[in-house]
Amino acid sequence: MGASTYAASLPFKSVALDGLSAIYHGASGATHVVAEPVPQILEALGGDTLTLAELLARLGADYDLDDDAEAGLSARLDELVALGLVIAR
């Protein structure tokens, strides 16, 4: 079996709110109030389907990531999948 891939569950709209973001998920009708790095992860995914390594590389191009970034990103993706904002395949 190959590596899992991740895609943003579209459509959603994001609005910045004083250090947080409100994300309205059109498919479920739910609104989520989230902190960094959630908006950045969803933006990096865009309309693409990426592996964890590909997403990490895309984020690493824009942000200074530490040695624990892969484990942290994996945990955030699991949370976003549970919320329905990201689809894992």
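The values are calculated or read from the model by the stated rules, or taken from the named source; none is laboratory data. Fair warning: this is a prediction, and the values are worked out from it, not measured in the lab. FYI the Cβ positions are ideal-geometry reconstructions off the backbone, even for glycines, and counts take in every protein chain you see. The protein model used for the area step is the full one, side chains on, heavy atoms only, and it has no ligands, DNA or RNA in it. Shrake-Rupley method; radii C 1.70, N 1.55, O 1.52, S 1.80 Å.
For the pair THR31 and ALA75, the difference between a 0.36 nm per residue extended length and the Cα-Cα distance amounts to 13.8 nm.
How fast does the chain diffuse by Stokes-Einstein, in µm²/s, taking the Kirkwood radius from C-alpha pairs at 37 °C and 0.692 mPa s? Translational D for this selection: 247 µm²/s.
Rounded to the nearest 20, the size of the Cβ-charge dipole of region 6-88 about its Cα centre is 500 debye, with Lys and Arg at +1 and Asp and Glu at -1. Per-residue surface analysis assigns ASP78 an accessible area of about 90 Å², computed on protein heavy atoms at 1.4 Å probe radius.
Close amide-amide hydrogen proximity is noted between THR5 and ARG89, each under 5 Å apart and 5 or more residues distant or on a separate chain (H modeled in the peptide plane; Pro and chain starts excluded). The share of accessible area on region 6-88 that comes from carbon and sulfur is 52 percent, using a 1.4 angstrom probe.
How high is the FRET efficiency from ASP62 to THR5, r the C-beta distance, R0 30 Å, rounded to 0.05?
E between ASP62 and THR5, to the nearest 0.05, is 0.90.
Per residue, the chain exposes 61 Å² of solvent-accessible protein surface, assessed with a 1.4 angstrom probe and all protein chains in place. Close amide-amide hydrogen proximity is noted between ALA30 and HIS25, each under 5 Å apart and 5 or more residues distant or on a separate chain (H modeled in the peptide plane; Pro and chain starts excluded). Based on Cα contacts under 8 Å between residues 6+ apart, the chain shows a relative contact order of 35 percent.
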